[in-house]
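As structure tokens, the structure follows; a few thoughts come after it.
Coordinate-derived values only; no laboratory data. Treat the numbers as computed from the prediction; the structure is a model and nothing was measured. Please note: Cβ atoms are built from the backbone with ideal geometry, for glycine as well, and neighbour counts cover all protein chains shown.
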Amino acid sequence: MRHDNIVRIYDVYWDTQNYYYTTPAFKHGNLYLLLKQYRKVGGFLEPSIVALMIVQLASAIHYLHNVPFVHRDITSDNIMVDILEKDNVRVVVDFGVVQERDFLVHGASRKFYTAPEQVLSTTTSSTAIDIWSLGIVFAQLLMHNDDTQVCTT
């Protein structure tokens, strides 16, 4: 897969228990840590940066769904961030549990990002699962909060 907002994997290594991926480095880590850092100092991301992040995330998920794959684990932990300069940001979706659509799915996503159909034990992966999780991430960005705050307010 080639998309500017999906992590490029250069190489994969594995041992008897783990897989290891070689990917680019991301100066600001993941979105969860970035939001937590801003929140700790009472700051927030500029609205233009938030808007750009939302557009880039939607573009990446749209591309992924057209492949056709379902991510199944869109969270702020799986969104890598590089803020290059004012009004210039790059967000990249990392995926470890991505799978082709219409396959059986159980428990891939985490509690706060879980779509209702996952809770109800739907037997197929639907792009709606990703759209729900993406909405939670958008709420995090717009509210300048970490995931637990978005879901408990």
Legend entry - Estimated distance in nm for a label pair at His65 and Tyr38, the labels positioned 7 Å out from Cα along Cα-to-Cβ: 2.4 nm
Inset, instruction - Collect residues whose amide H, placed 1.01 Å from N in the peptide plane, falls under 5 Å from the amide H of Ile6; neighbours closer than 5 in sequence don't count. - result: Val93
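Would you kindly work out the equivalent ellipsoid of the range 1-86 from its C-alpha gyration tensor and give its semi-axes, the square roots of five times the eigenvalues, largest first in whole Å? Don't skip to the answer; put the middle values down first.
On the way: eigenvalues 125, 64, 28 Å².
Values for the range 1-86, descending: 25, 18, 12 Å.
Using per-residue counts of other Cβ atoms within 10 Å, averaged over each peptide, order 3-10, 15-22 from highest down.
3-10, 15-22
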Inset, instruction - Starting from the amide H of His28, placed 1.01 Å from N in the peptide plane, find each other amide H under 5 Å away whose residue is 5 or more places distant or on another chain. - result: Val81, Ile83
Inset, instruction - Using 0.36 nm per residue of separation minus the Cα-Cα distance, give me the extension gain between Phe138 and His28 in nm, one decimal. - result: 37.8 nm
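Give the peptides 129-138, 59-68, 39-48 in descending order of average Cβ contacts within 10 Å, highest first. Display every interim value, and only then the final one.
Working: 129-138: 20.4, 59-68: 16.5, 39-48: 11.6.
So the order, starting with the most tightly packed, is 129-138, 59-68, 39-48.
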